[in-house]
Amino acid sequence: GDSVTQMEGPVTLSEEAFLTINCTYTATGYPSLFWYVQYPGEGLQLLLKATKADDKGSNKGFEATYRKETTSFHLEKGSVQVSDSAVYFCALSDQSGNNRLAFGKGNQVVVIP
Amino acid sequence: NAGVTQTPKFRVLKTGQSMTLLCAQDMNHEYMYWYRQDPGMGLRLIHYSVGEGTTAKGEVPDGYNVSRLKKQNFLLGLESAAPSQTSVYFCASSYNARTGNQETQYFGPGTRLLVL
């Protein structure tokens, strides 16, 4: 079935550093791809999405490009802030018409002042 | 708009007890979902519904039942709780037929359940 793989382990970095979180997927067809963010004690919020190959999603300084040739949707931000500390989930929507999402395991990002 | 709300926020159960988690949304969404979140496992889909009166199994349905008697509400039931059901439960909804926005899921704040 469709699945999403995120890089292992938490990410700790200093304020203003460059952030990359890798995400690759396995899917039949052409799924839409998403990044969700979960701040401490809260539910998930949509950060950005892309619905077709070569689309770039962007929001709050974060970007991710839908790369069909490498089946990837890596998340990047050029200069992180302490307020970006959260858990980030990559997800894809299945093509069943029921809008089900398959999530990666998530990456904890900790930004140190 | 309150969006997606969940009650209760936190609950402690003893093994074998039953309970119902309530999810409500005020966005007139057609689809609703229940997930569980466990450390290192991401979110896993328990059950979902594509409309009032309909439900379907997700990835990890065993030990849970659901009902969608009203469009705005989606209930998750545990008939006989087990320690393995200790988790954080999230409800989500999507798809407003009038606006056509189908794919984005909106999440509630979660219910933390501890089964002793």
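Quick note: the coordinates plus some simple rules give every number you see, no bench work behind them. Note that the coordinates shown come from a computational prediction; the quantities given were computed from them, not determined experimentally. Here Cβ is always computed from backbone atoms with ideal geometry, including for glycine, and neighbour counts include all displayed protein chains.
Per residue, the convex hull around the alpha carbon atoms of chain B comes to 92 Å³.
The mean number of partner chain beta-carbon atoms within 10 angstrom of a residue's beta-carbon across peptide B:37-44 is 5. Legend: mean number of C-beta atoms from other chains within 10 angstrom of residue C-beta atoms, peptide B:84-94, equals 1.
Here the 3J(HN,Hα) profile of the range B:44-56, calculated from phi with Karplus coefficients 6.51, -1.76 and 1.60 at θ = phi - 60°, is 10, 7, 8, 9, 8, 9, 9, x, 3, x, 10, 9, 8 Hz, Gly and Pro shown as x.
Here's how it looks for residue A:32: its modeled amide H is under 5 Å from those of A:93, which are all 5 or more places away or on a different chain. Label-to-label distance, residue B:114 versus residue A:71, with points set 7 angstrom from Cα along the beta-carbon direction: 4.1 nm. Between the beta carbons of residue A:112 and residue B:54, assuming R0 = 45 Å, the FRET efficiency works out to 0.40 to the nearest 0.05.
What the phi angles of the range A:27-40 give under the Karplus curve with 6.51, -1.76 and 1.60, with θ = phi - 60°, is a coupling list of 7, 8, x, 10, x, 7, 10, 9, 10, 10, 10, 10, 7, x Hz, glycine and proline written as x. Extent along the principal axes, Cα only, for chain A: 43, 28, 23 Å, with the longest axis given first. Under 5 Å between amide hydrogens, built in the peptide plane, is the criterion, and for residue A:86 it picks out A:109 among residues at least 5 positions away or on other chains.
In the protein assembly as shown, the alpha-carbon atoms span a convex hull of 125 Å³ per residue.
Sequentially through the range B:27-40, phi angles give Karplus couplings (6.51, -1.76, 1.60; θ = phi - 60°) of 9, 6, 6, 7, 9, 9, 9, 10, 10, 10, 10, 10, x, x Hz, Gly and Pro residues having no value and appearing as x.
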